[in-house]
Ligand code: FES
Ligand code: FES
C-alpha cells in the first residue's frame with residue numbers, strides 16, 4: 001500500500017470547509033453492485049472521515065462500532081500515520097448512518113466478520129495522506145515557497161530551509177479552499193512510525209473513569225424505561241394478557257403488546273421489573289413447545305444417516321474409505337451457545353411525529369435505521385441513529401431483524417415518549433440468537449503408513465444466513481457457507497475428501513457467534529486430525545505438518561507455536577500439551593495449550609502459546625489482547641458453555657448456570673506474531689476457534705480420554721477417563 | 001426519603017426501600033459508571049464501596065445504606081494508583097466490566113497493599129469479564145501495589 005495512488009482509480013476524494021473554520025476530508029470508495037450511490041453534494045459534510053479544526057482538533061469519524069476489538073484505536077492510527085500526527089491527539093466520533101460509511105463489501109453499515117481494518121485501511125490512509133498534502137500545499141502557498149521544501153511533521157508543516165512552522169489548525173482553512181489532490185502518496189513500510197506499534201488504546205481513559213457512554217447509560221429528558229415479557233418458548237404468542245395487577249404497580253405507566261412480547265413501560269427499571277412480574281400472560285406456545293435437546297440430537301443423528309448437499313468433494317472418498325488399511329469413525333456434537341455480552345442488550349428510542357432518535361450499541365446501523373423508518377412511517381433521513389460504545393458484541397449486536405431496536409421504537413411510538421428498553425441477563429440467556437448446535441459425523445481411512453487417504457465430514461446444523469440480507473451471497477445449493485466454513489476448506493492434504501451438509505429445521509433463532517461456523521468446525525477438524533495422528537502412532541504436530549505442504553502460512557504458524565511452546569520438551573508431571581491450528585477471516589492461528597485435570601475432572605488450562613499470521617497489521621498490542629480475549633471466550637465455551645432445551649424452554653438463565661471463565665481460570669496467553677507483507681487478515685474472531693481443540697487434544701495427551709462433545713464438563717471428563 | 005452520601009455528596013431519594021442501590025445510583029443520581037451485568041450478585045459489574053468495603057449494589061436495597069457512605073467509580077480520583085495502573089496496562093476492551101473491576105481492586109489494595117496472585121484471584125474472581133482482560137487486570141493490580149502513594153480508597 002505504499003507509493004503514489006491515483007485516487008480516481010479506486011476512490012474519489014471530497015474536501016471542504018468546516019463550519020466555523022477547518023478542513024474536512026471524505027473518501028468515497030465506489031462500492032460494488034450492492035450500492036454505487038454517491039451521496040449528494042450537500043450531505044458531504046456529515047460524510048467526512050477526517051476533520052481538522054482551526055483549533056488544531058483532529059477528529060476521525062469511525063464507521064465501525066467499538067465493542068472491545070479496538071477499532072477506535074486501530075482505524076485512527078491508519079489516519080495518524082499518513083497525516084503525521086500523534087494518534088493520542090485524535091478524537092474519535094461515531095459515524096452517523098449514511099451510504100458513505102457502508103461496509104466496503106456488504107453495501108450497508110455493519111461491523112463484523114473481522115473485516116474493519118481490512119476494508120477501511122485504504123480509504124483512511126488516503127484521507128490522511130490527502131489532508132497532509134493539502135495542508136502542506138496551503139503552507140507553501142502562505143509562505144510563497146515550493147511545496148517540496150515543506151514537510152509535515154507532528155501536526156505542523158515546516159519550511160525546511162527557514163525552519164518556519166505552521167500548525168495544522170492554522171492551515172486548515174486555507175487548505176479547505178484548495179482542490180483535492182488527484183493522487184496521494186502513501187508511506188512505505190520503512191517510513192511508517194505509527195503502524196506496527198503498540199499504541200495505547202484511545203478509549204482507555206474514558207473506560208477507566210466510567211465516562212465512556214454505552215447504550216445502557218443514555219438518559220434523555222422525559223425518558224421511560226421498559227422491559228418486555230418475552231415468550232417462554234420461541235415462536236409463542238400471547239393469547240390472553242391480564243394487566244390490571246401490573247398496572248397497579250407504582251411507577252408502571254403502560255402495558256403495551258409489541259412483536260417481541262408484552263412491553264411494560266415504567267418510570268424506572270425496578271418498577272418495570274415489578275410490573276413484569278405482576279403481569280399474567282397466557283401463551284399460545286406454538287410448534288416449539290416440545291423442543292428438547294436430547295430429542296434434537298436424535299433427529300440430527302437420523303438426518304446424518306443420509307447424504308447431504310455436497311459442499312466440497314475431491315477424489316472418491318467412499319471407495320478410498322473401503323480400501324483403507326485402517327478406518328476411524330467419530331461423532332462430534334456441539335451445543336447452542338449464547339453470546340452473553342457483559343452489557344445486556346438495550347436501546348433508547350424517541351419517536352416524534354417529525355422524526356425519530358435512536359441511541360444504541362449496534363453492529364448493524366443501516367438495517368436498524370431502516371427498521372425504525374418502517375415502523376414509524378418516517379423517511380429514512382428523519383431517523384437519527386447514534387452508535388454508542390458496545391459493552392461487548394461478539395455478533396449478538398448484529399441482528400438482521402433489528403429486534404432490539406424495533407422493540408424500543410415500537411414502545412416509544414406507542415406511548416409517545418422516549419423509551420429505553422433493557423434486557424435483563426435472564427432475557428439475554430433465554431432470548432435466543434444462539435450459535436447453532438451441530439452434529440458432525442466423521443470418517444477417515446488411513447494408508448499403511450498411517451497417513452489419511454480419505455476424510456469425510458457430514459454436518460447437521462441450522463442455517464444462520466437463511467432469511468437474512470446475506471442469503472444471496474452466502475447460501476448456495478442449500479448450503480449455508482457459515483455452516484461448513486473451516487470444514488469444507490480444510491487445508492489438510494487428503495486425496496479423497498467430502499464435506500456435506502444437512503440444514504437442520506429452523507425454529508430456534510440462531511446467529512453469528514464470534515468466529516461463526518469456525519467456532520465448531522475448528523473443534524471437529526482439529527480434534528479429528530489429532531485422533532488420526534494418535535491412531536497412526538505419529539506426533540500430532542508433525543502429522544499435521546506433513547499434510548500442509550501446500551499451505552505455508554498454516555504450516556508457518558504451526559511451527560511458530562510449536563517452537564515457542566517447546567513442543568516435545570518434557571512438561572511438569574500432571575500436565576499435558578495439545579495443539580491446534582485454524583485459518584479464519586483471512587488470518588492463521590495456531591495454539592498450544594498446557595492443561596492439567598484434577599480428581600473431580602475439572603480441567604485447568606495453565607498456558608496458551610498463540611502464533612498469529614494476520615499479514616500486515618496495525619497494532620500488535622491489540623492483536624495480543626484480542627488473542628487473550630479469543631482464548632477466554634473460546635475457553636468459556638470449551639469448559640462451560642451450553643444452552644439446552646426441555647419442554648421448549650431454555651434451561652439456563654444467568655451466569656450461575658451459563659458460566660463464563662473467571663480470573664482464576666484464565667491461562668497465561670503468550671502471543672507471537674509472524675511478520676510478513678501479506679494482505680491484512682482479521683483479528684477479532686480468529687483467536688477463538690483453535691482453543692477448544694487445543695485443550696481437548698491436551699486432555700487426550702494427558703489422560704487418553706477423547707472428548708467429542710463440548711463443553712468439557714467435569715462429568716464428561718470423569719466418564720471418559722473412567723472408560724479410557 | 002432515604003439519605004446517604006455518594007462520593008462525599010449527600011443524596012436524598014424518594015424510592016421504595018427495596019429498590020436496588022444500583023438503580024438508585026444509575027437512574028436517580030445519574031451516575032452511570034456503575035454497571036449492570038446480571039442483577040443477581042453473579043458478575044460484579046455493579047461493585048461499589050459501602051464505607052470502604054466492596055459490595056454488589058444490584059442486590060443491596062437502598063434502605064440498607066441509609067446514613068452510610070457510598071463510593072462509585074466516579075469517586076475514585078483520576079490519579080489513584082489503580083486507575084493509573086489500568087491505563088498503563090491498557091486493561092479495558094469493551095470496558096463494561098471495568099468499573100466493577102476497579103472498585104474491587106481498590107478495595108482489595110486498601111485491605112492488602114501487596115496482594116500476591118492468590119489473593120488477587122480470591123478478591124477478583126467474582127468479577128466477570130467476557131472480554132478476557134483478566135491477566136492485564138492482575139498485572140495492573142501488581143503495578144498499582146508497587147506505586148508510591150495511597151493504595152486504598154479515598
Ligand atoms: S449486576 Fe450486580 S453482580 Fe452482576
Ligand atoms: S472489558 Fe468487556 S467485559 Fe470486561
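Readers should treat all values here as calculations from the given coordinates under stated rules, not as data from a laboratory. If you're wondering where the values come from, they're calculated on a predicted model, not measured in any experiment. Note that each Cβ is placed from the backbone with ideal geometry, even for glycine, and that neighbours are counted across all protein chains shown.
Tabulated data for the structure shown
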| item | result |
| --- | --- |
| Estimated [θ] at 222 nm from DSSP helical runs (n ≥ 4, -39500 (n - 2.57)) normalised by residues in chain A, nearest 500 | -9000 deg cm²/dmol |
| Approximate shape of region B:81-149 as ellipsoid semi-axes (Cα gyration tensor, √5λ), whole Å, largest first | 17, 13, 10 |
| Overall Cα dimensions of region A:336-375, principal axis frame, Å, largest first | 41, 17, 13 |
| Chain lengthening between residue A:185 and residue A:294 when straightened (0.36 nm per residue, less Cα-Cα) | 33.2 nm |
| Chain B: most fluctuating residue of B:52, B:67, B:44 per GNM, C-alpha cutoff 10 Å | B:67 |
| Convex hull of region A:204-337 built on C-alpha atoms - directionally averaged projected area, nm² | 16.1 |
| Mean Cα-pair separation over length for chain A, i.e. relative contact order, pairs under 8 Å, 6 or more apart, % | 13 |
| Cα convex hull of region B:2-73 - mean projected area over all directions, nm² | 4.0 |
| Using a Förster distance of 25 Å, the FRET efficiency for residue A:93-residue B:5 (Cβ separation, nearest 0.05) | 0.10 |
| Percent of alpha-carbon pairs separated by more than 21 Å within region A:482-551 | 35 |
| Region A:401-420 residues near the modelled residue A:247 label - backbone nitrogen below 20 Å, point 7 Å along Cα→Cβ | A:411-417 |
| Whole-number percent relative contact order across region A:542-642, with pairs defined as alpha carbons under 8 Å at least 6 apart | 21 |
| Region A:371-441 - Kirkwood radius from inverse mean 1/r over Cα pairs (Å) | 14.4 |
| Rg in Å to one decimal, and Dmax rounded to a whole Å, for chain A via C-alpha atoms | 27.3, 85 |
| Per principal axis, descending, Cα span of chain B in whole Å | 43, 31, 23 |
| Mean ellipticity per residue at 222 nm, deg cm²/dmol - from DSSP H runs of n ≥ 4 across chain B, formula -39500 (n - 2.57) | -8500 deg cm²/dmol |
| Computed E for residue A:259/residue A:326 - FRET, C-beta separation, R0 41 angstrom, nearest 0.05 | 0.15 |
| Mean Cα-pair separation over length for chain B, i.e. relative contact order, pairs under 8 Å, 6 or more apart, % | 25 |
| Debye equation applied to the C-alpha atoms of region A:519-593, log10 I(q)/I(0) at 0.19, 0.22 Å⁻¹ | -0.80, -1.07 |
| Largest to smallest principal axis extent of the C-alpha atoms in region A:534-684, angstrom | 51, 37, 29 |
| Simple label model, 7 Å out from Cα along Cβ direction - residue A:563 to residue B:51, nm | 6.0 |
| Value of D in µm² per second that Stokes-Einstein yields for region A:272-388, Kirkwood Rh from Cα pairs, at 25 °C (0.890 mPa s) | 118 |
| FRET efficiency for residue A:319 and residue A:476, using Cβ-Cβ distance with R0 set to 25 Å, rounded to 0.05 | 0.40 |
| Peptide B:100-106 - average C-beta neighbours from other chains (10 Å radius) | 1 |
| Diffusion coefficient, µm² s⁻¹, Stokes-Einstein with Kirkwood Rh over alpha-carbon pairs of region A:438-596 at 25 °C and 0.890 mPa s | 145 |
